[in-house]
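Worksheet: one structure, shown below.
The values are calculated or read from the model by the stated rules, or taken from the named source; none is laboratory data. Nothing here was measured: the structure is a model prediction, and the numbers come from that model. Every residue, glycine as well, gets a Cβ built from its backbone with ideal geometry; the counts of neighbours run over all protein chains shown. SASA here: full protein model, heavy atoms, side chains in, ligands and nucleic acids out. Shrake-Rupley method; radii C 1.70, N 1.55, O 1.52, S 1.80 Å.
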Amino acid sequence: MTKEEIREAVLEILSDIEPDEDLTGLKDDVSFRDQMDLDSMSFLDIVMELRRRYKVEIPEEEYTALNSMNSTVEYLAPKMADIVK
């Protein structure tokens with residue numbers, strides 16, 4: 001997947017987990033938690049959806065890499081490079 005495809009996949013997951021959130025103004029360089037009403041369970045749902053949909057394993061000690069859209073895409077790019085959308 002390209003970085004743009006990964007970004008779209010993350011947006012789709014965020015939309016599914018937080019359907020009431022308006023993601024149109026989401027800033028790529030600002031923490032998700034600063035922009036959305038994400039609690040720890042919602043965050044774990046994101047991690048679980050990445051695993052379920054794309055078979056991406058994210059160790060708990062690396063969860064901080066999923067802080068913002070930019071950091072999430074950069075972290076996922078090598079893990080999802082071989083996935084065909």
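Annotations
Quick grid of which residues meet (1) outside any loop (DSSP other than H, G, I, E, B); (2) hydrophobic (A, V, I, L, M, F, W, C):
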residue	(1), (2)
E12	yes, no
R33	yes, no
D37	no, no
R52	yes, no
E57	no, no
I83	no, yes
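- Matching residues in the stretch 59-78 - criterion: being part of a helix (DSSP H, G or I) and open to solvent by 70 Å² or more (accessible area, probe 1.4 Å): E60, E61, T64, N70, E74, P78
- Residue count for the stretch 14-33 satisfying the condition of being of a type outside the set (S, T, N, Q) and within 13 Å of L66 (Cα to Cα): 6.
- Among the residues making up the stretch 9-31, those that are within 22 Å of K55 (Cβ to Cβ) and open to solvent by less than 80 Å² (accessible area, probe 1.4 Å) are A9, V10, L11, I13, L14, S15, I17.
- Contact map, the stretch 53-81: residues that are under 17 Å from L11 (Cα atoms) paired with residues that are open to solvent by less than 80 Å² (accessible area, probe 1.4 Å) and among the polar types (S, T, N, Q), Cβ distance under 6 Å, separation 6+ or inter-chain. Pairs shown: A65/S71; L66/T72; N67/S31; S68/S31.
- Subset of the stretch 33-56 (residues that are over 18 Å from K3 (Cα atoms) and either of a type in the set (F, W, Y) or loosely packed, with under 12 Cβ neighbours inside 10 Å (or both)): D34, D37, D39, S40, M41, F43, R52
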